[in-house]
1. State the percentage of accessible surface on the chain attributable to carbon and sulfur atoms; use a 1.4 Å probe and exclude ligands, DNA and RNA.
2. Note the full-extension length gain between Arg451 and Lys104 as 0.36 nm times their separation in residues minus their Cα-Cα distance, in nm to one decimal.
3. Tell me which of Leu204, Leu141, Ala635 sits at the most positive position along the dipole axis of the chain, charges placed on C-beta atoms (Lys, Arg +1; Asp, Glu -1).
4. Compute the angle between helix 38-49 and the longest alpha-carbon principal axis of the chain, please, reported from 0 to 90 degrees and rounded to the nearest 10.
5. Counting only heavy atoms of the protein chains, get the accessible area per residue of the chain (1.4 Å probe) and round it to a whole Å² value.
6. How much space per residue, in cubic angstrom, does the convex hull of the C-alpha atoms of the stretch 247-395 take up?
7. In nm, to one decimal, how far is the Gln677 label point from the Gln535 one, both placed 7 Å along Cα→Cβ?
8. Tell me the label-point distance for the pair Thr173, Gln640, using the 7 Å Cα-to-Cβ offset, in nm and rounded to one decimal.
Amino acid sequence: MTRKQTKKQASKHANMTTNLAEDISQKTSGFIQSSNHRDLLDIVDSLRSHGVSHYIDLPQIIVCGSQSSGKSSTLEALSGISFPTAEGLCTRFATELVLRRGDKHEVKVHIQPSPNRTDVERIRLSSFAGETRDIDAFPKLIEAAKEAMGLTGSDGSKIFTADVLRVESTSPTASNLTLVDLPGLFGASDKNQSEDDATLVENLVTGYMKQRRSIILAVIAADNPFANQPVTRFARKIDPAGTRTLGLITKPDKIDVGSESEAYYLELAQNLNVKLNLGWHVLRNRSHATAKDSIAERDKREAEFFADSVWSTLDESQLGVERLRSRLINILWKQIRTNLPTVKVEVQAGIADCRAKLTQLGQARSTQREKHTYLQRISSRLSKLSRAAIDGVYADPFFESFPGQQDAFTRRLRANVQKILADYAEKMREDGHALEIVEDDMNPTRTATRRYMMRGDYLSLVKELTMECRGRELPGTYNPLVVGDLFCRQCKPWGPITQNLVEQIHEAAADNFNKIVSEICDENTRSRLMKWHIQPALHLLRQKLKDKVDELLKPHSAIHPITYNDYLTKEVQKIQTERHDRLFDEISKAQCKYTSETAPVQPVQVNLRSLLWALKSGTRPDVEEYSASLAADVAAAYYQVALKKFTDDISVDAIETCLIQRLPEVLSPDVIWDLSQEDVERLGSEDDNTVKERGELTKQLDSLEKGLKDLDAFTARAAVRAVTKDEL
C-alpha cells in the first residue's frame with residue numbers, strides 16, 4: 001500500500017471520525033458542562049504522557065515570560081506548590097503542572113524524555129519517578145529530576161534541555177487545571193547563561209507558541225518597562241489577531257502610585273493598548289518580605305491591595321489569583337472541547353502516515369535473503385506502476401491528483417508523453433522548415449527576414465540550383481534531384497528539434513521513475529537504485545533512441561525523395577490552383593474592379609478587349625519560369641508528405657518502441673532475480689539513517705496508537721454518559 005493510498009484511506013476514516021466525534025461532543029457537551037470537566041483534562045494529559053504532543057499540537061495553556069517576571073510566583077499562587085525561583089529548575093526546561101482535586105495531598109514527579117534522546121536515555125528518564133506527600137520535600141524531587149536529566153554536571157556544560165518535567169499535584173482543594181511552564185526569556189548572558197542559551201530558550205518558547213492549539217499566558221512584570229519584555233512581541237508576531245493570548249500583569253505593587261508607569265499598565269489591563277481577545281489579568285504575588293505568608297495570608301494581602309488602589313477600576317474578573325484560576329479553567333476547557341475532535345483526526349492521520357512510511361522503509365534487513373526480498377517487492381511494485389503509467393490507466397492512488405499538487409502530471413507518464421509529442425508536432429509544423437516561402441502577393445508569418453523569402457526571390461535561387469544540378473534532362477525541364485536538394489535544405493531543423501524531443505522524453509521517464517521509487521522505498525534505496533541501476537539503464541535506452549532517430553533522419557538527407565502517397569500530387573494541384581486563382585482575381589480587379597468573390601450577379605459594363613489582353617499577357621507561359629515554379633511546388637508538397645510521415649515515425653518507431661515500451665523492463669523482477677550478490681548487497685542494504693528513521697517512526701506510531709486508544713475509550717465513555725443522562 002502506497003503512502004498516498006494510506007493517506008486517502010486515513011482521510012476517509014478521519015472524516016467519519018470527525019463526524020462521530022462532533023456528534024458525541026454535541027450529545028455530551030451538556031453533561032460535561034453540568035458536571036466537571038476533569039475527563040477532558042485527563043484525556044489531554046494522557047495524550048501528553050504518551051508523547052503525542054511531540055507529533056500533534058494539543059490544547060494547552062503555556063506560561064511564558066521573561067526571567068524574574070513573576071512566573072514562578074504565579075504558578076505557586078495557582079497550585080499552592082512552592083516552585084524554585086532564581087536558578088531553579090523551572091528556568092531550565094518546560095514543566096507540565098497537572099492540578100487535580102483528590103482526597104489527599106500528594107505530589108508526583110515524572111520526566112518525559114525529548115524525542116532526540118537515545119533509547120537508553122529514554123528508558124532511564126522514563127523510569128524516573130518521585131512522589132511525596134510533604135510539600136516541603138518538593139524541592140528535593142526537583143533536584144533529583146534535575147540530576148537525572150544531566151543538569152547538575154560538574155562541568156556545567158548542559159544548562160537547558162528539551163525534556164519535560166511532569167508535576168502532578170493532588171489535594172482536596174485543588175482545581176482541575178493543567179499548565180505548561182516554559183523557561184524564562186533572557187537577553188544578557190552571565191556565568192550561568194550564555195547567549196547560545198538565550199537563543200535556545202527563545203526557540204523553545206516560540207516553538208510552543210507556534211503550536212496552534214496553545215493558549216499563551218503572557219506574563220509581564222509591571223516594574224519593568226513593557227518594551228524590555230519580549231514575550232508580548234513574540235506573542236503578537238505569532239498570534240497577530242490575539243485570539244489565543246491572555247496577558248498577565250504581575251508586580252503591580254512594585255510601581256509608584258500615580259506614576260506614568262502605573263497609568264500605562266492600567267491602560268494595558270483595560271485592553272486599550274495591546275488588544276487581546278482573551279483580555280488581560282492582574283496579579284499581586286508574594287514579595288521577598290512576605291515570602292513566608294500562608295496561602296490565605298497571600299490572598300488577603302492581594303485583595304486588600306486591589307481594593308485600595310487604582311486597579312479597583314478594573315472589572316473584578318480581571319483581578320486576583322482566584323479569578324485567574326477560574327478564567328484559565330474556563331479557557332482551557334473550551335479549548336479542549338473545541339479541538340479534541342480534530343486532534344483525534346490528526347492522530348489517525350499520523351498513524352496512517354507512520355504505517356505508510358514504515359511500509360516504504362520495509363522490514364529491517366540484515367541477511368542476503370531479506371535484502372533480495374526487499375528488492376523484489378520494490379521491483380514488482382515498480383513494474384506495475386510503470387506499466388500503468390505507460391498505458392494511461394490511473395486507477396492506483398499513486399496517480400491521484402490533489403489540489404495544490406505539482407507533480408500529478410509528471411506521475412501520469414502517458415499524459416505527459418502525449419503532451420510532449422503534441423508540442424513536438426506543433427513545433428515541427430511551425431519551425432521544422434528552415435525557410436518560409438512567401439507568395440509575392442501575401443505577407444510572411446515569420447518576423448525575421450533570414451527565416452523567410454519572397455517566392456520571386458526563391459525562384460531565382462531555384463533556377464540557380466537547377467543549373468547546378470543539371471544532368472541529362474532536356475532544356476526547359478529540371479532534374480528531379482533538384483527537389484531532393486530543396487527538401488534537404490528545408491528539413492535541416494528536424495534534427496535539433498527531434499534531439500530536443502529525445503531529451504524531454506528521457507527526462508519525463510526519469511522523473512516518473514524517481515516519483516515511483518520515492519513512493520515505494522526509503523530514500524537511501526531510492527538514491528542507490530536511481531544512481532547505480534535506473535539512470536544507467538535509461539541512458540542506454542536514450543542512446544538507442546538517439547540511434548533510431550538518426551536512422552529515421554538519414555533517408556531524408558541521403559536518399560532522393562521517394563513517396564507513393566497521392567497526397568503529393570493533390571498538394572501540388574492545390575498550391576498551383578490557389579496561386580492561379582489569386583492571379584486571375586488580381587488581373588480582374590485591376591481591369592474591372594471585381595474579383596470572383598465580389599463580382600455582382602447583375603450584368604455590368606466591362607472593357608472585354610482590355611480584360612482579355614490583360615489575362616493573356618498575365619498568364620502567358622514561360623517555360624523556364626514554369627519549370628522552376630513546378631520544382632519549388634513539388635518540393636513544398638513533398639516536404640508536407642515527409643513531415644507527416646517523419647513525425648509519426650518518430651512518435652511510434654522511435655519514442656514508443658525504443659523507450660516508452662521498454663521502461664517496465666528497466667527494473668523488472670527478472671532483472672532483480674539475476675542480480676549478483678554484490679549488487680544485492682549494494683542496492684538492498686540499509687544505512688544508519690534508515691535504521692534511525694524506522695526506530696523514530698516506530699516510537700511515533702506507538703505513541704499515537706496509545707493516544708488513539710485513549711481517545712476511543714474517552715469517546716465511548718462520553719457516549720455512554722450521554723445516553724445515561726438522556727434516560728435519566
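1. Numbers: 19030 of 37340 Å².
Here carbon and sulfur together make up 51 percent of the probe-accessible area.
2. Details: separation 347, 0.36 × 347 = 124.92 nm, distance 9.57 nm.
In short, 115.3 nm is gained.
3. Positive-most Cα among the choices belongs to Ala635.
4. Tilt of helix 38-49: around 60 degrees.
5. 51 Å²
6. Numbers: hull volume 38.0 nm³, N = 149.
Cα convex hull per residue, to the nearest whole number: 255 Å³.
7. Rounded to a tenth, the inter-label distance reads 2.9 nm.
8. 10.1 nm
The values are calculated or read from the model by the stated rules, or taken from the named source; none is laboratory data. Just so we're clear, the structure is a prediction, and the values are computed from it rather than from any experiment. We place every Cβ from the backbone using ideal geometry, glycine too, and count neighbours over all the protein chains shown. Note: areas computed on protein heavy atoms with side chains; ligands, DNA, RNA excluded. Shrake-Rupley method; radii C 1.70, N 1.55, O 1.52, S 1.80 Å.
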